[in-house]
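One structure is given here, and the rest of the page talks about it.
The values are calculated or read from the model by the stated rules, or taken from the named source; none is laboratory data. Just so it is clear, the model here is predicted, and its values are computed rather than measured. Because the Cβ atoms are built from the backbone with ideal geometry, glycine has one as well, and the counts that use them run over all protein chains shown.
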Amino acid sequence: MNTQDESVLKIRDVTKVYKGKGALFGASGKDVTALDRVSFDIFKGEIFGLVGESGSGKTTVGRLIVGLEDVSSGKIFLNGREVVGLKGRARKEFRSQVQMIFQDPYQSLNPQRAIYDTVSEPLKIHGVGNASTKRDLVREILQSVGLSPPDDFLFKYPHRLSGGQRQRVAIARAMVLKPTFVIADEPTSMLDASISAQIFNILLDMRNRLDVTQMFITHSLAAARYLCDRVAVIYRGNLMEIGSAEEVIRNPKHPYTQALLDAVPKFGHHRDVSRYGTLLIKDRDVAGENGCVFFPRCAVALEDRCAGSRPLLGRVSGEHRVACFLVEGA
Amino acid sequence: MALLEVDNLSIGYNTKKGYLKAVEKVSFDLEAGASLGFVGESGCGKTTIGMALMGLLPPNGSVKEGRILFEGKNTLEMTDEELRKIRWREMAMIFQAAMNALNPVQRVGNQIAEAILVHDPSVEKDQAMDQVENLFRLVGIPLDRLRDYPHQYSGGMKQRAVIAMALACRPKLIIADEPTTALDVIVQDQILGEIKELQKEFDLSIIFISHDISIVAHMCDHIGVMYAGQLVECGPREGVFESPAHPYTKALLSSFPTVTGKRSDLIPIPGETPNLVVPPHGCRFCDRCSGPEASCSTEPPQWVEIAPGHRALCCRC
Amino acid sequence: MSKQNENSMGPERHPWVSSFLEGWSIFRQNLLGKIGLTLLVMFALMALCSYIPPWISPIYDPMTGVDPDITSCSGPCLRHWLGTDFMGRDILSQLLAGARIAFMVGISAAVMSIVLGVSIGMTAGYMGRFIDTLLMRLADMIMVMPTLLVVLLLSAVFGQLNIWTIVLIIALFRWPGVSRIIRGQTLSLKQRPFIEAAKVAGASHFRIIFIHIMPNVLPLAFLFMTFRVTSAIITEAALAFLGFGDPGTVSWGMMLQWVWKTGHMFQAPYWLLPPGICISLITLSFYMLGRAMDEVLDPRLRKEDQTD
Ligand SMILES: Nc1ncnc2c1ncn2[C@@H]1O[C@H](COP(=O)(O)OP(=O)(O)OP(=O)(O)O)[C@@H](O)[C@H]1O
Ligand SMILES: Nc1ncnc2c1ncn2[C@@H]1O[C@H](COP(=O)(O)OP(=O)(O)OP(=O)(O)O)[C@@H](O)[C@H]1O
Ligand code: SF4
Ligand SMILES: [Mg+2]
Ligand SMILES: [Mg+2]
């Protein structure tokens, strides 16, 4: 079992509240709690999957880690070092170790800059290498994300590339400094299903060869299963289930995870795979705020218990933990 | 007689770089109440086929050859007037990314009512509003959201509204172009389920377009796999997915992660799609194919019958 | 890699070059733009030609050249195609020199105000919060100040103003409009993932503003430049006409002022009309050019998000 020392990233009780923008237009002035006391660890060399539906707070986790957004409360540690509020050199060093790959490759590359400029930018910022070593590093990384021959791409501009190629450039930019930790935020959701596999394999390759620990954000359990060692399922800013990918997907315990699995379109020999049927199509009305966050949509809820208090993550077996009253041990 | 018969359909676009052969020699038919799914990479011509069926190709696009027989009548020879009569009332389309094309400054209910009024002048305004209420019930949007604006809707609700709009005139055929692409799995599952139910209820024929084979497999009895403007394999779902014949279909299937069964390595398809202005002379999939034969790059492949109703465009099958 | 690849790679066209070529093809179909451009080329030729008359003979010097045979204002003749002014100076050579000054004033004031407006707009939009508020309040304040009045006051205090001082003042008064637009653009660019990606990579604010944001707002800035040129030329002409111009330069406004001061307003149309027409035409031509560019740029600005 992994020990504390091996964790690259530690997230402890992180909460993020987006303040409503003034009450100028009435109802829009509400605060949104995007994350609610989320804690988990990511271990060295693993790909950690964060799975959930739209609006569940996946991107928020990523943005908090890389510091694009400030935490409302809680702590984030990289290699045992608190990263919230880093300044000066420590911050710059942190910047060279943690990178992010964004969802939309059509938006994440500056249209005015050639591929070489984009990929070499982190090298320039952190003063790595001279002109010729920089170029070699860029060539090498382009080659390893499958843009070959690299010289064909160095001076192209993003508008000449397909979506899949752009996303590879974005991966190259994130990986060129050989960071310790990379967050990939739904890197294939804007791409064709058939191109996604290429991107998955590049990410796997980066882990295997460069030993880059990764957090992979997705709403597809199938992708998470293929790519990740461990996954966490998040719903409305709360972790519902966490464990090894195979465990969580083959043996889901939380009603929400089961609902997610039910929703995956099946095909081939497995069309008649059993359905869990744990999702209510119509939301339940809830009075209080204290209950399980999934209670309004949970088809198997215990009316009295689930509406009144919130279940905590409890161990089912080994690393597999679930936040649900129905599950033994939780 | 099939509801829809498409015969040797070729479509192209005039572009700056030359004549782009977006669809080449595509033939298929669709029985009333059946569902056909087109699957293929971005740019393979799926939307183009849908638009041609509706008679809504953009000005630079044109049908080069072929026939589209809808209930036995060739829509390509119809006048604009005749076409307008069957469009929406006989066949309707859920356009790609239509949910983002809702008019942001008009209430959703009114938009749908307006669509009804435009297509059926005999309907009174109140009747149209009643119809809209029925449609909302049908696609599962709460009636109290009738008077909301699109930005107050979630993605799933917008998509439902778009489906309601397509259903407004109770067509026999619906062409659904990537209706769930921007949605997350749970909403997608709900909407797919609803489409299936509507299909049963109204005995709809559906042409379902997606780049995601799992969705097409989930939704349709018949599958057409498209590559670079050509239909490369076509047949009943079980046939196509359980004994795929064309190398492209095989490659698609093995590049797809699943939640069930054994976790196996994904084999991505190498390379990029060919340029459709000057398509390769032989098989278009040749340079990405896992085991092409010498003749593949020189001779255009021929259709091969794999099983009754299941055919593939490949010389290796 | 093979040699062939090395060759075929070559530096690609910068997107600006390709958008310029594309824009040019739209521009060519625009009548307004074509007229504007033709007129401008004419004026540019005039400005270039302004060096010829003084070179032929010192009597054609627009400022100091006096025809010894002529002592008062006279109509067109062979020696002076457009006639002479009250001192016997050649009007044609003054007109040509005026074109040069108009370009100089117009373009340098426009460039300065654009540089100021773009830097301030980008800084305000990017930094946000307190800096944004401060800069935009400043912009508001300047925007509501009447330029002419301030220049009048200044020249009342400091005496006659040098032409460069006038250019500087015009520039200082004309940036707020630009900076508002650029700030808006910057605000929307700031949210774009490629800026966030640069932040995550550790880019400094300076780098983000000047390397990532600036190239994306410059096309808009160029558009504004044409409009700023117009307003700068008009302002200078107005100042000169009111008698607050640089007495050491021959601008069209200056010429008008001489016409007016010496009471030839209604006596010497050959003297009054050329500078008047030139001022109208040059401002009109920059304006038409700007409108045409607006049309070229506008659809692209709208659809820039979905470059395929
Ligand atoms: N800048 C913001 N201001 C206010 N609310 C926000 C902001 N960003 C996100 N939110 C809210 O926080 C919640 C979580 O958003 P987040 O983007 O993290 O979801 P996500 O899981 O990444 O969803 P998706 O799959 O759609 O990307 C949502 O309810 C969203 O509306
Ligand atoms: N209006 C147009 N003008 C020129 N070419 C076009 C036009 N519309 C589509 N094309 C081209 O025709 C081909 C087929 O396009 P189509 O939109 O049918 O593909 P698709 O399969 O629907 O792709 P996607 O999955 O991206 O929607 C593409 O190569 C595309 O570039
Ligand atoms: S705690 Fe109750 S409401 Fe929450 S998921 Fe479990 S059963 Fe459902
Ligand atoms: Mg997200
Ligand atoms: Mg399409």
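Hey, could you check the range A:275-296 for residues that are of a type outside the set (Val, Ile, Thr) and touching a residue at least 24 places away in the same chain (Cβ under 8 Å) and say which is nearest to ligand 1 (Cβ to nearest atom)? My answer is A:Phe294.
In the range B:166-185, of all residues being of a type in the set (Val, Ile, Thr) and within 16 Å of ligand 1 (Cβ to nearest atom), the one that is farthest from B:Leu36 (Cα to Cα) corresponds to B:Val185. Are any residues in the range A:169-191 buried (at least 24 other Cβ atoms within 10 Å of the Cβ) and charged (D, E, K, R), and if so, which ones? A:Arg173, the sole residue that qualifies.
Figure legend. Inter-residue proximity from the range A:123-147: first residues in the same structural domain as A:Arg91 (by TED's automatic domain parsing), second residues among the β-branched types (Val, Ile, Thr) and surrounded by fewer than 19 Cβ atoms within 10 Å (Cβ to Cβ), beta-carbon distance below 8 Å, spacing 6+ or different chains. Indicated pairs: A:Lys134/A:Val128; A:Leu137/A:Val128. Highlighted here are the helices (runs of 4 or more DSSP H) found entirely within the range A:158-258 that include at least 3 residues which are without any contact (Cβ under 8 Å) to a residue 12 or more places away in the chain: A:193-210. For the range B:261-283, indicate whether the set of residues that are more than 15 Å from B:Met226 (Cα to Cα) and among the hydroxyl-bearing types (Ser, Thr, Tyr) is non-empty. Yes: one or more hits. Within 11 Å of chain C (Cβ to nearest Cβ) and more than 24 Å from A:Arg12 (Cα to Cα): is that true of A:Ala131 in this structure? No; evaluated as a whole, the condition is false for this residue. With respect to B:Ala182, is the statement that it is within 14 Å of chain A (Cβ to nearest Cβ) and either within 19 Å of the chain's Cα centre (by Cα) or closer than 28 Å to A:Arg275 by Cα (or both) true? Yes: the conditions hold for B:Ala182.
A quick yes/no check of all residues on (1) in the same structural domain as A:Leu203 (by TED's automatic domain parsing); (2) more than 16 Å from ligand 5 (Cβ to nearest atom); (3) farther than 24 Å from A:Phe94 by Cβ; (4) in a loop (DSSP other than H, G, I, E, B):
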residue	(1), (2), (3), (4)
A:Thr33	yes, yes, yes, no
A:Gly45	yes, yes, no, yes
A:Phe48	yes, yes, no, no
A:Ser56	yes, yes, yes, yes
A:Thr59	yes, yes, no, no
A:Ile65	yes, yes, no, no
A:Leu68	yes, yes, no, yes
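For the structure I just gave you, tell me whether B:Lys196 is within 16 Å of ligand 1 (Cβ to nearest atom) and within 14 Å of chain A (Cβ to nearest Cβ). It is false that B:Lys196 is within 16 Å of ligand 1 (Cβ to nearest atom) and within 14 Å of chain A (Cβ to nearest Cβ). Look at (1) part of a helix (DSSP H, G or I); (2) of a type in the set (A, V, I, L, M, F, W, C); (3) within 14 Å of chain A (Cβ to nearest Cβ) and you find that C:Ala203 fails only one, number (1). Each residue in the range A:130-145 was checked for being part of a helix (DSSP H, G or I) and more than 30 Å from the chain's Cα centre (by Cα), and 5 of them qualify.
For A:Ile199, the criteria (1) within 16 Å of ligand 3 (Cβ to nearest atom); (2) buried (at least 24 other Cβ atoms within 10 Å of the Cβ) hold in every case but one, which is (1). Among the conditions (1) surrounded by fewer than 22 Cβ atoms within 10 Å (Cβ to Cβ); (2) touching a Leu at 6+ places or on another chain (Cβ under 6 Å), C:Ile211 misses just one, which is (2). Just one of the listed residues (B:Glu194, B:Glu133) is more than 25 Å from the chain's Cα centre (by Cα), at pLDDT 85 or above and away from ligand 3 (no atom under 16 Å from the Cβ), and it is B:Glu133.
Put simply, of A:Arg297, A:Arg250 the only residue that is within 13 Å of ligand 3 (Cβ to nearest atom), modelled with pLDDT of 85 or more and either out of contact with any strand residue (DSSP E or B) (no Cβ under 7 Å at 6 or more places or on another chain) or within 11 Å of another protein chain (Cβ to nearest Cβ) (or both) is A:Arg297.
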